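Inspection log for the structure reproduced underneath, given as structure tokens.
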Amino acid sequence: MLVIHREICGYCGACVSVCPEGALELIDAYLEVDDNCISCGICTRACPLGALEVKDEE
Amino acid sequence: MRSEYDLLVIGGGPGGAIAAKTAAEKGLNVCLIEKRPAIGAPVRCAEGIGRELLEEFIEPDERWISSEIDGAKIIAPNGTALVLEPQMAGNEVGYILDRKVFDRELVWQAAEAGSDVMVKTRAISPLMKNGKVGGAHLEFCGIQRDVRAEVVIAADGVESKFARWCGIDTTIPYRELATCAQYLLTNIDIEPRTTIFYLGNRIAPEGYVWVFPKGERSANVGIGISPADCGPGQRPRDLLDAFVKSNLPTGRPIECVVGGVPVCEPLKSTVSDGLMIVGDAARVSDPLTGGGIYNAMFTGKLAAEVASECISRGDCSQKALEKYDSGWRDSRMGKALARNYRIKEFFIKLSDEKLNLLVESAAKINLKEFSTLTLIKELIVRNPSLLLELKSLRDSIR
Ligand SMILES: Cc1cc2nc3c(=O)[nH]c(=O)nc-3n(C[C@H](O)[C@H](O)[C@H](O)COP(=O)(O)OP(=O)(O)OC[C@H]3O[C@@H](n4cnc5c(N)ncnc54)[C@H](O)[C@@H]3O)c2cc1C
């Protein structure tokens with residue numbers, strides 16, 4: 001599951017541009033992730049601050 | 001705001017603003033929407049632009065120029081400096097803007113020309129009419145409404161969601177997004193009229209660190225790297241902090257900027273029925289430098305001109321709008337994009353040793369008339385160990 005660390009996120013939209021599923025959207029300063037996310041982790045590499053993390057589902 | 005326009009422009013950056021201004025001047029009914037509450041903020045840019053490129057669109061004005069630049073330096077991993085004097089620096093001669101004010105000026109000019117402008121207004125989906133884009137569904141402070149338009153220009157920047165919603169795949173191959181962090185640093189000793197670029201796989205893998213002066217003792221100091229080289233402790237911000245600590249330890253940040261720049265090839269097609277894509281959304285930023293302000297303005301203007309022709313002829317099909325797509329590809333800008341993409345592909349594969357060699361030998365070359373090809377030719381003569389790489393680079397950009 002994709003976890004967004006909002007205290008780190010700089011809402012720049014870099015992650016949005018590399019998401020192969022179009023699952024991310026920036027709504028002003030708030031990054032939204034929808035059901036299309038496949039937890040591929042590509043966005044976690046593109047984030048300049050490290051605000052995104054894929055965590056195993058318990 | 002009306003419910004029907006000739007042209008709807010999505011995004012209030014330089015691409016959208018110039019598109020709206022151009023179209024309004026041509027007499028179209030135009031509406032520009034921007035989802036952020038303020039034009040120009042937060043800044044996602046190092047703010048550098050070449051003098052001639054800027055002047056193609058707007059008369060320089062001290063209200064939004066932070067610094068004038070007349071030289072550049074490229075620093076190799078081993079510290080060797082290649083100094084580009086004004087007559088050689090070409091596009092590096094120019095300005096560091098204050099984009100918070102610059103972007104506002106451009107949108108203000110669009111409004112002056114007669115365009116409607118809406119902020120805090122987001123496009124949330126396209127309006128489709130017989131398989132053709134015919135406007136957009138918008139949201140303003142929780143209120144949704146439809147706006148129809150003959151043509152929609154997607155100038156929505158690196159995120160580029162609108163074209164994606166219209167069925168065009170705008171995903172950037174992840175290693176071809178430059179992921180960036182930047183501080184506006186104050187209290188530093190700099191050369192206020194010189195930009196500096198630091199290269200090296202340790203400093204900035206597949207990218208570079210920049211120092212762009214903003215006045216006498218402050219500068220945009222930033223880094224852009226490939227996500228392929230990122231990981232915990234090795235992200236743009238970490239590398240930037242390390243650079244500042246060892247190179248500009250007295251610096252105090254008064255602004256932290258993050259963002260992504262496309263350094264991939266442009267979209268395969270930047271038009272479809274009723275839709276045109278400009279600027280970062282079309283992936284037309286320069287893949288070598290990451291510069292995209294000019295390219296956004298250039299494509300924005302051309303798109304508006306073609307839209308105006310097509311609207312007056314009553315044909316806004318993909319075929320008719322294609323004149324825009326081929327127009328920018330055949331332009332000087334389009335050709336530079338193709339060439340610089342190949343040069344970037346060459347550079348990102350070089351080891352630090354090879355980068356050192358190239359910068360050292362380029363520093364010794366006295367180029368009277370600068371061109372990329374003459375430089376490469378000289379480098380080939382001086383670097384037999386790089387013969388193969390340089391020759392294939394030369395052949396790929398000829
Ligand atoms: C760190 C960094 C440094 C850079 N340095 C330079 C430099 O020195 N020189 C240079 O030339 N370029 C530089 N660039 C690139 C430059 O900033 C961009 O190329 C340029 O801003 C592109 O202009 P644009 O109009 O296409 O998009 P943008 O300026 O990104 O504008 C797009 C706008 O669309 C809005 N938007 C997005 N989606 C929607 C929606 N659904 N509805 C309504 N509005 C929407 C966004 O909020 C945004 O305001 C840099 C970029 C970064 C990240």
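Please find, within segment B:238-261, the residue that is nearest to the chain's Cα centre (by Cα) out of those that are within 13 Å of the ligand (Cβ to nearest atom) and of a type in the set (A, V, I, L, M).
Our first condition is that a residue be within 13 Å of the ligand (Cβ to nearest atom); within segment B:238-261, this holds for B:240, B:255-261.
Restricting the remaining residues to those that are of a type in the set (A, V, I, L, M) gives B:240, B:257-258, B:261.
Details: B:L240: 21, B:V257: 15, B:V258: 14, B:V261: 7 Å.
If we take residues in segment B:238-261 being within 13 Å of the ligand (Cβ to nearest atom) and of a type in the set (A, V, I, L, M), then B:V261 is nearest to the chain's Cα centre (by Cα).
So, in segment B:61-71, how many residues would count as being part of a strand (DSSP E or B), more than 13 Å from the ligand (Cβ to nearest atom) and open to solvent by less than 10 Å² (accessible area, probe 1.4 Å)? Show your work before the answer.
Filtering segment B:61-71 for residues part of a strand (DSSP E or B) gives B:65-69, B:71.
This time we only want the ones that are more than 13 Å from the ligand (Cβ to nearest atom), so: B:65, B:68, B:71.
Then keep just the ones that are open to solvent by less than 10 Å² (accessible area, probe 1.4 Å); that gives B:71.
Selection size over segment B:61-71: 1.
Considering segment B:179-200 alone, what residues qualify as being more than 14 Å from chain A (Cβ to nearest Cβ), outside any loop (DSSP other than H, G, I, E, B) and of a type in the set (S, T, N, Q)?
B:T186, B:T194, B:T195
If a residue must be in a strand (DSSP E or B), β-branched (V, I, T) and within 14 Å of chain A (Cβ to nearest Cβ), how many such residues does segment B:256-277 contain?
Summing the residues that are in a strand (DSSP E or B), β-branched (V, I, T) and within 14 Å of chain A (Cβ to nearest Cβ) in segment B:256-277 gives 4.
Counting just the residues of segment B:262-278 that are touching a Phe, Trp or Tyr at 6+ places or on another chain (Cβ under 9 Å) and in contact (Cβ under 8 Å) with a residue 60 or more places away in the chain, which one comes out farthest from the ligand (Cβ to nearest atom)?
Checking each candidate, the answer is B:E265.
For segment B:209-255, how many residues meet the condition of being open to solvent by less than 40 Å² (accessible area, probe 1.4 Å) and part of a strand (DSSP E or B)?
Residues of segment B:209-255 that are open to solvent by less than 40 Å² (accessible area, probe 1.4 Å), as a first pass: B:209-215, B:218-228, B:230-231, B:235-236, B:239-240, B:243-244, B:248, B:251.
Among the residues that remain, those that are also part of a strand (DSSP E or B) are: B:209-213, B:218-225.
The number of residues fulfilling the criteria is 13.
Please list, ordered by residue number, the strands (runs of 3 or more DSSP E) wholly in segment B:95-174 having 1 or more residues that are within 14 Å of chain A (Cβ to nearest Cβ) and either within 24 Å of B:C310 (Cα to Cα) or open to solvent by less than 50 Å² (accessible area, probe 1.4 Å) (or both).
Strands (runs of 3 or more DSSP E) meeting the threshold: B:121-129, B:132-140, B:143-154.
Name the helices (runs of 4 or more DSSP H) wholly within segment B:280-387 that hold at least 1 residues that are within 14 Å of another protein chain (Cβ to nearest Cβ), crowded, with 21+ Cβ neighbours inside 10 Å and away from the ligand (no atom under 16 Å from the Cβ)?
Details: elements: B:293-313, B:318-330, B:332-347, B:352-364, B:372-382.
Result: empty, no element qualifies.
Tell me, please, whether a residue that is within 11 Å of the ligand (Cβ to nearest atom), farther than 30 Å from B:P192 by Cβ, open to solvent by less than 40 Å² (accessible area, probe 1.4 Å) and out of contact with any Gly (no Cβ under 6 Å at 6 or more places or on another chain) can be found in segment B:38-60. Step through it out loud before you land on a result.
Initial filter on segment B:38-60 (within 11 Å of the ligand (Cβ to nearest atom)): B:38-50, B:53-54.
Now restrict to residues that are farther than 30 Å from B:P192 by Cβ: none.
No, segment B:38-60 has no match at all.
Assess whether B:E150 counts as being in contact (Cβ under 8 Å) with a residue 24 or more places away in the chain and among the acidic types (D, E).
Against the criterion (in contact (Cβ under 8 Å) with a residue 24 or more places away in the chain and among the acidic types (D, E)), B:E150 qualifies.
The values are calculated or read from the model by the stated rules, or taken from the named source; none is laboratory data. Only a predicted model underlies this, so the values are computations on that prediction, with no experimental measurement involved. All Cβ positions, even for glycine, are placed from backbone atoms using ideal geometry, and neighbour counts span all protein chains on display. Please note that ligands, DNA and RNA were not included when accessible areas were found on the heavy atoms of the full protein model with its side chains. Shrake-Rupley method; radii C 1.70, N 1.55, O 1.52, S 1.80 Å.
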